[in-house]
Amino acid sequence: MKGGSITIDVDGRKKTVRLTRAHLEEDAGKSLHESFRDLTGIDLNRAGTPLLEIVSEPDMRSAQEAAAYARVLHKLIVEDIQICDGNMQEGSFRCDANVSVRPAGSDTLGTRCEIKNLNSFRFLERAIEFEARRQIGILEDGGKIVQETRLYDAERDETRSMRTKEEAHDYRYFPDPDLLPLEVSDKWIEEIRSSMPESLEAKRRRYVSEYGLSLDTALQLTSARDKAEFFEKSVRATDIKLFPKIAEDIANSTLGVLMSRANDEGLELSRIPITPQQHAKLRERVADGTVSTSIAKEILDAMWAGERDPDSIIAKRGLKQISDSGELERFCDQVIAGNAQQVADYRSGKEKAFNSLVGQVMKLTQGKANPQQVTEILKRKLSGR
Amino acid sequence: MHNATLKSLSASLSARAFSSVELTRHFVNRINQLNPKYNCFITLDPERSLKQAEAADRMRSAGRGQPLTGIPIAQKDIFCAQGWLTTCGSKILSNFTSPYDAHVVERLNAAGAVTLGKTNMDEFAMGSSSETSYYGPVRNPWDVDKVPGGSSGGSAAAVAARLAPSAIGTDTGGSIRQPAALSGICGLKPTYGVVSRYGMIAFASSLDQGGPLGRSAEDLALLLNVMAGFDPRDSTSLEREWEDYTRELGKAVKGLKIGLPEEFFAKGAAPDVVRAVETAVGEFRKLGCETVEVGLPNMKLSVPVYYVLAPAEASSNLARYDGVRYGYRAPEYADLPDMYKKSRAQGFGPEVKRRILIGTYVLSHGYYDAYYIQAQRVRRLIARDFAEVFKRCDVIMGPTSPTTAFRIGEKMGDPVQMYLNDIYTTPANLAGLPGLSIPCGFDGKGLPVGLQMIGNYFGEAKMLGIAHQFQQATDWHQRMPPGIQ
Amino acid sequence: MRDKWEIVIGLETHAQLNTRSKMFSGASTAFGAAPNTQACAVDIALPGVLPVANREAVAKAVRFGLAVNGSNAVNINRRSARSSPAKTISIPTFPRAIRSASTRRPS
């Protein structure tokens, strides 16, 4: 595979790390030095195990970014698409870091060193930090970096040279004549695609492209499978053609009020008392103007408490938003008439007084007035027409 | 008994004229007597062979006899056989007893055949004379000062000297056909993919094919019936419906179009060879065949292409021989890298080393495009030439080898001279086409000349049928080396 | 000091795929078995054995390609673990001394 990318998040900053390629190899056996006096034992059990080698572009600019990438990659292949057991102790996931430094602003790459076999995220980060410091130290002293392979010593927190890396080992590649080129037909790829649950990474991409969500929102939704699934089920229960912006609204609602209530009660999203479909319906009622945003909160509480259906709650409690301009005009008139001081304040330049008038209308209508219309009507009336 | 064809031996066993044990013992005795003279066999195990013969006799008694049941077969020491020393003609495997059977050996065993012994060969199948073997050269039964051809020389000589009714070998650049020609017997290289390579020690994976050697086309067909077939353990093995390779033996050849490539008859072949082959072609005309002149313009590049691709693949296939897990390990060394170096330096012969070096070179950075990739391109052109030719004819004929058997030691000093022996045989390997060699005459010194047929893909049955018709009308294939009774 | 310099990092990750059997043979990949009990003839590169590609491994690799939105095509190349022509570096843990890698190129 060529191309592709992985998105990471470091201290709130998002970054895309590009992948150069990924290919399949077979693993080597193990050399064992302990329990053999003067000898090395060779265990070939591991020889031939399939290995996916994933090579990134040198896109990372700090040890933290590298560790973040490794964590994201690990999560992707272990939890998300489940192709690896990810047991770093047992050696199922190993990283080699290629580190170089260059003067800030420069375009050319410095000489790099490879730190091999890092099998913990913490060691990865520390090893890279040490190595960067080491290389900077050498260059600042006027020296040159020798291209070599190094190992990280966790006890001493330093990297040590393993052997001098000769000019790209002349690995001879040629098409293996014992194996026929394996055809990965489009049909097979489709079968694989449909048999695997869509990866969170793929969902993230799709939410941005299909639903127009921001990268930030998409990342949050795909940070865990249950969030993504709740969101999707909600969106699929609505008609996006009727409500073009509803995906974003559902996302915000899911990540905002639903997540916070779920967290308060120690619940997974999949276990909250509101189904994705009911949630979708509620957001539709806001989108189509049936209820205002503030009333929606009340409805949500009722739903959470056990009254499932938004429509019956609205009907039972008479929560429909008042959108009839005639009615709203009457309420506005009433408030204007009963709040002469505020009116005067507003007319003499105090903006805050306006909000208070709006608030009065809302209070009068028990929150059911359509706030945008109220604002518009009041403004019109107070400007003297 | 030892002059009978496989076909007639099979019939005799069926008719209980004698038992497999008797038959096998007969050959075992002959081998004891005559093998020192020709050095055809590396490993013999009469006790084991006889046990197999007993089992074969029981198989027949139980009514489960097949055409090959009880037939002793000499097996080139390149086929892994469980419990047998399998050396590939090399010091580096001189202590390797195979823990498993090659697919072909499994099939032969299942058919009830008897393993007569492991035959001598050029080391790792690299050679055209069977002189590079760690176990000494094989001698041509027609003239013991001459080579029998290679690399399946031991198998060919065993059949020629009547030490085995038939044998199996491998052909990468001509290693079945050329020794068959030089030893006056028949040999077939099937279409690539027809015979499984699992257990056949690899030389050049995209060129190697196992195949039968025997004294008649019919015998080859009977053997191929057992050898051929799909094996999931070999990714290059083809899954096809089973074929009876004897089905066209009786078919008349009248009207057959024989292509005669001008490149096969240009200068380079010895005049005696050309004469014998032309006489044979005349026989075919008498049988009602037409001949048509054809051209294989890229054929002249076959040898260089072969000697780039085959060593490249060999350098990779032979990388596993390092003295660690099996095989020869140098007795003294300073450290691990030294052990590798010494084991391989001491374990491999000069021709093998030569080819590993060439192969490594043509694959190395900077030369890969100029040599390896280029050779692959030309390989495709060579295959395309054949495709064009087969639009105009049914089968191609020509000499198998440019010369008859040469003196032992004559060409060992000049590897390129040796490589030029393969000029007519390598094209079929490069294109993956089936090739057959049958005896068609002698030179002025009484040495055999081989007629080569190259057929289109999966044309084995057709070619064997054509050869059979020739062998009904002539008797070259029945001649015996002087001194053999 | 740090502001004068930029650190450039690329990562090569090796992930063992959780297939039931090996890349080129049917031997088990289960962890923890007694030494050398899960290495069959193909894994120890006996003379004459041949590799057979593991489709499950390829499928898992394709899954990865789909997940990161890469292009997918499979080509199998053999890589020799040797260095320059003059030197031979063999590795005892690498029986076949060749590593078959599938490099997937855009189709």
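For segment B:222-242, residues that are closer than 14 Å to B:PHE458 by Cβ and more than 21 Å from the chain's Cα centre (by Cα) total 4. If the condition is being in a loop (DSSP other than H, G, I, E, B), facing chain A (nearest Cβ under 7 Å), open to solvent by 30 Å² or more (accessible area, probe 1.4 Å) and not aromatic (Phe, Trp, Tyr), then segment C:1-36 contributes C:MET1, C:ASN18, C:THR29, C:ALA33, C:PRO35, C:ASN36. You will find that of A:ARG61, A:ARG112, A:ARG71, the residue that is among the basic types (Lys, Arg) and surrounded by 18 or more Cβ atoms within 10 Å (Cβ to Cβ) is A:ARG112 and no other. A:LYS320 meets the conditions (1) over 25 Å from A:ILE377 (Cα atoms); (2) of a type in the set (Lys, Arg); (3) more than 34 Å from the chain's Cα centre (by Cα) in every case but one. The failed one is (1). Criterion first (surrounded by fewer than 16 Cβ atoms within 10 Å (Cβ to Cβ) and not assigned by TED's automatic domain parsing to the domain that holds A:GLN366) does A:ASP226 satisfy it? Against the criterion (surrounded by fewer than 16 Cβ atoms within 10 Å (Cβ to Cβ) and not assigned by TED's automatic domain parsing to the domain that holds A:GLN366), A:ASP226 qualifies. On the stretch given as segment A:10-58, residues that are surrounded by fewer than 17 Cβ atoms within 10 Å (Cβ to Cβ), modelled with pLDDT under 85 and within 29 Å of C:VAL8 (Cα to Cα) total 5.
Does segment A:54-66 include one or more residues that are touching a residue at least 12 places away in the same chain (Cβ under 8 Å) and over 29 Å from A:SER199 (Cβ atoms)? No: zero hits. Scan segment A:353-360 and tell me whether some residue there is in a helix (DSSP H, G or I) and in contact with an Asp or Glu (Cβ under 8 Å, 6 or more places away or on another chain). Checked segment A:353-360: at least one residue is in a helix (DSSP H, G or I) and in contact with an Asp or Glu (Cβ under 8 Å, 6 or more places away or on another chain). Among the residues of segment C:42-67, the one identified as more than 7 Å from chain A (Cβ to nearest Cβ), open to solvent by 30 Å² or more (accessible area, probe 1.4 Å) and assigned to a loop (DSSP other than H, G, I, E, B) is C:VAL52. Report, by residue number, each residue of segment B:27-54 that is open to solvent by 40 Å² or more (accessible area, probe 1.4 Å), part of a helix (DSSP H, G or I) and touching a residue at least 40 places away in the same chain (Cβ under 8 Å). Correct list: B:LYS37, B:ARG48, B:GLN52. Considering (1) modelled with pLDDT of 85 or more; (2) closer than 21 Å to A:SER120 by Cβ; (3) in a loop (DSSP other than H, G, I, E, B), the lone condition that A:ARG71 does not fulfil carries the number (3). Looking at B:GLY229, is it within 12 Å of B:VAL194 (Cβ to Cβ), open to solvent by less than 40 Å² (accessible area, probe 1.4 Å) and touching a Pro at 6+ places or on another chain (Cβ under 8 Å)? Criteria not met by B:GLY229.
Considering only residues that are under 30 Å from A:LEU109 (Cα atoms) and either of a type in the set (Phe, Trp, Tyr) or out of contact with any helix residue (DSSP H, G or I) (no Cβ under 6 Å at 6 or more places or on another chain) (or both), which ones fall in segment A:41-64? Spell out the reasoning first.
The initial filter retains those residues of segment A:41-64 that are under 30 Å from A:LEU109 (Cα atoms), namely A:51-64.
Across segment A:41-64, the qualifying residues are A:LEU51, A:GLU53, A:ILE54, A:VAL55, A:SER56, A:GLU57, A:PRO58, A:ASP59, A:ARG61, A:SER62, A:GLN64.
Among residues belonging to segment A:103-139 that are acidic (Asp, Glu) and in a helix (DSSP H, G or I), point out the one that is nearest to A:MET88 (Cα to Cα). It would help to see each step written out before you state the result.
Of the residues in segment A:103-139, the ones acidic (Asp, Glu) are A:107, A:114, A:125, A:129, A:131.
From what's left, in a helix (DSSP H, G or I): A:125, A:129, A:131.
Working: A:GLU125: 15, A:GLU129: 21, A:GLU131: 22 Å.
Looking at the filtered set, the residue picked out is A:GLU125.
Among the residues making up segment B:90-111, those that are of a type in the set (Val, Ile, Thr) and either over 20 Å from B:PRO232 (Cα atoms) or in a strand (DSSP E or B) (or both) are B:ILE92, B:THR97. Under the condition of being over 25 Å from the mean Cα position of the chain (by Cα) and among the small types (Gly, Ala, Ser), which residue from segment B:366-384 is surrounded by the most Cβ atoms within 10 Å (Cβ to Cβ)? Across segment B:366-384, the extreme among qualifying residues is B:ALA370. As an exercise: evaluate A:LEU213 against (1) at pLDDT 90 or above; (2) farther than 19 Å from A:LEU300 by Cβ; (3) outside any loop (DSSP other than H, G, I, E, B) and give the number of the one condition it does not meet. Failed condition: (3).
Note on segment A:66-85: residues that are at the interface with chain C (Cβ under 7 Å from one of its Cβ atoms) and more than 30 Å from C:GLY26 (Cβ to Cβ) amount to 3.
For A:LYS381, are the conditions met, namely being in contact with a helix residue (DSSP H, G or I) (Cβ under 7 Å, 6 or more places away or on another chain), outside any helix (DSSP H, G or I) and surrounded by 14 or more Cβ atoms within 10 Å (Cβ to Cβ)? Walk me through it before giving the result.
Details: in contact with a helix residue (DSSP H, G or I) (Cβ under 7 Å, 6 or more places away or on another chain): yes; outside any helix (DSSP H, G or I): no; surrounded by 14 or more Cβ atoms within 10 Å (Cβ to Cβ): yes.
Answer is no for this residue.
Restricting attention to segment B:296-332, and to residues there that are within 13 Å of another protein chain (Cβ to nearest Cβ) and surrounded by fewer than 19 Cβ atoms within 10 Å (Cβ to Cβ), which single residue is modelled with the highest pLDDT?
Start the filter on segment B:296-332 by keeping residues that are within 13 Å of another protein chain (Cβ to nearest Cβ), which leaves B:308-329.
Pick out the ones that are also surrounded by fewer than 19 Cβ atoms within 10 Å (Cβ to Cβ) and you get B:325, B:329.
On the way: B:ARG325: 87, B:ARG329: 93.
Checked segment B:296-332; the qualifying residue modelled with the highest pLDDT is B:ARG329.
Scanning segment A:41-64 for residues that are of a type in the set (Asp, Glu) and more than 7 Å from chain C (Cβ to nearest Cβ) yields one hit, A:ASP59.
Would you confirm whether any residue within segment B:62-83 is open to solvent by 10 Å² or more (accessible area, probe 1.4 Å) and in contact with a strand residue (DSSP E or B) (Cβ under 9 Å, 6 or more places away or on another chain)?
Step one: of segment B:62-83, the residues open to solvent by 10 Å² or more (accessible area, probe 1.4 Å) are B:62-67, B:82-83.
Cutting the leftovers down to in contact with a strand residue (DSSP E or B) (Cβ under 9 Å, 6 or more places away or on another chain) gives us B:82-83.
Yes, because at least one residue in segment B:62-83 is open to solvent by 10 Å² or more (accessible area, probe 1.4 Å) and in contact with a strand residue (DSSP E or B) (Cβ under 9 Å, 6 or more places away or on another chain).
Per the conditions (1) open to solvent by 50 Å² or more (accessible area, probe 1.4 Å); (2) more than 7 Å from every other protein chain (Cβ to nearest Cβ); (3) farther than 26 Å from C:ASN54 by Cβ; (4) not polar (S, T, N, Q), the sole criterion not satisfied by A:PRO103 is (2).
The listed residues are A:ARG283, A:ARG317, A:ARG271, and the only one of them that is free of Cβ contacts under 8 Å to residues at least 60 places away in the same chain, closer than 25 Å to A:ARG261 by Cα and surrounded by 20 or more Cβ atoms within 10 Å (Cβ to Cβ) turns out to be A:ARG283. What do you reckon, is A:ARG150 away from chain C (no Cβ under 11 Å), open to solvent by less than 30 Å² (accessible area, probe 1.4 Å) and on the phi < 0 side of the Ramachandran plot? Answer is yes for this residue.
The values are calculated or read from the model by the stated rules, or taken from the named source; none is laboratory data. Here the structure is a predicted model, which is why all the values come from computation and not from measurement. Methodologically, a virtual Cβ is constructed for each residue, glycine included, from the backbone with ideal geometry; neighbour enumeration extends over all protein chains shown. In case anyone asks, the SASA skips ligands and DNA or RNA and just uses the protein heavy atoms, side chains included. Shrake-Rupley method; radii C 1.70, N 1.55, O 1.52, S 1.80 Å.
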